[in-house]
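Peer 1: Supplied in structure tokens, the structure appears directly below.
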Amino acid sequence: MSMSKVACEKLLERAHLMGMDAGRASTPTPMIVGSPSTPFGSDIDYSKKTYFVEGGACGFAGVVIKPARGKFVSYLRSIGMGYKHYYGGYYVPVREFGQSLARKEAYAEAYAKVLSEEGMSCYVDSRMD
């Protein structure tokens, strides 16, 4: 797949915009974080300080483009976006949506879909923090 710099810019913009739309449209399940009433308990002692985390579970997500070559990967490298993935390929992390794993995963899924439609082999890689 031969792409010009302008085509790479447009692809990146479209993937980012689709990712932003998906991230904003996702509805994470909020969580409450607090101290258990016993050392290994699974309940929350509400007499102690608790925190409401609207974005749900915290984590990281990104898109792995594999193999890590081609005009688009070269373009990403040239603008300092992404890096070599530990298991091979080129990793583009999601930098938006704070720590919300659900929103980051939604962004990455939409981003990967745009790249896949352009014939690139890629997948979403995520983990809880």
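Computed from the coordinates by the stated procedures, all read-outs in this text should not be read as laboratory data. All values derive from a computational prediction rather than experimental measurement. Glycine gets a Cβ as well: all are built from the backbone with ideal geometry, and neighbour counts include every protein chain shown.
Peer 1: Provide MET31, MET18 in ascending order of the number of other Cβ atoms located within 10 Å of each residue's Cβ, fewest first.
Peer 2: Ordered by Cβ neighbours within 10 Å, fewest first: MET31, MET18.
Peer 1: As a footprinting exposure proxy, order PHE60, PHE72 by other Cβ within 10 Å, with the fewest listed first.
Peer 2: Arranged by neighbour count, lowest to highest, PHE60, PHE72 become PHE60, PHE72.
Peer 1: Now for a separate question. Return the equivalent ellipsoid semi-axes of the chain as a descending list in whole Å, where each equals the square root of 5 times an eigenvalue of the C-alpha gyration tensor.
Peer 2: After scaling each eigenvalue by five and taking roots: 36, 15, 10 Å.
Peer 1: In whole Å, how far is the Cα centre of segment 28-45 from that of segment 66-89?
Peer 2: 40 Å
Peer 1: According to a simple spin-label model (label point 7 Å from Cα along Cα-to-Cβ), what is the distance in nm between VAL53 and TYR86?
Peer 2: The two pseudo-label positions are separated by 2.0 nm.
Peer 1: With an 8 Å cut-off on Cα pairs and a minimum separation of 6 or more residues, tell me the relative contact order of segment 1-73 in percent.
Peer 2: Worked out over segment 1-73, it gives 35 percent.
Peer 1: How much length is gained on full extension from PHE40 to TYR123, taking 0.36 nm per residue of separation minus their Cα-Cα distance?
Peer 2: Answer, rounded to one decimal: 26.2 nm.
Peer 1: What order do you get for LEU101, LEU17 when you list them from fewest to most C-beta neighbours inside 10 Å?
Peer 2: Fewest to most other Cβ atoms nearby, the residues stand as LEU17, LEU101.
Peer 1: Taking Cα pairs under 8 Å and at least six residues apart, what relative contact order does the chain come out at, in percent?
Peer 2: Here the relative contact order equals 33 percent.
Peer 1: Further question: Once the other residues with Cβ under 15 Å from the Cβ of SER78 are scored (Lys, Arg +1; Asp, Glu -1), what is the net sum?
Peer 2: Cβ neighbours under 15 Å give a net charge of +4.
Peer 1: Output the 0 to 90 degree angle, nearest 10, between the alpha-carbon long axis of helix 5-25 and the longest principal axis computed from the alpha carbons of the chain.
Peer 2: Between helix and principal axis, roughly 20 degrees.
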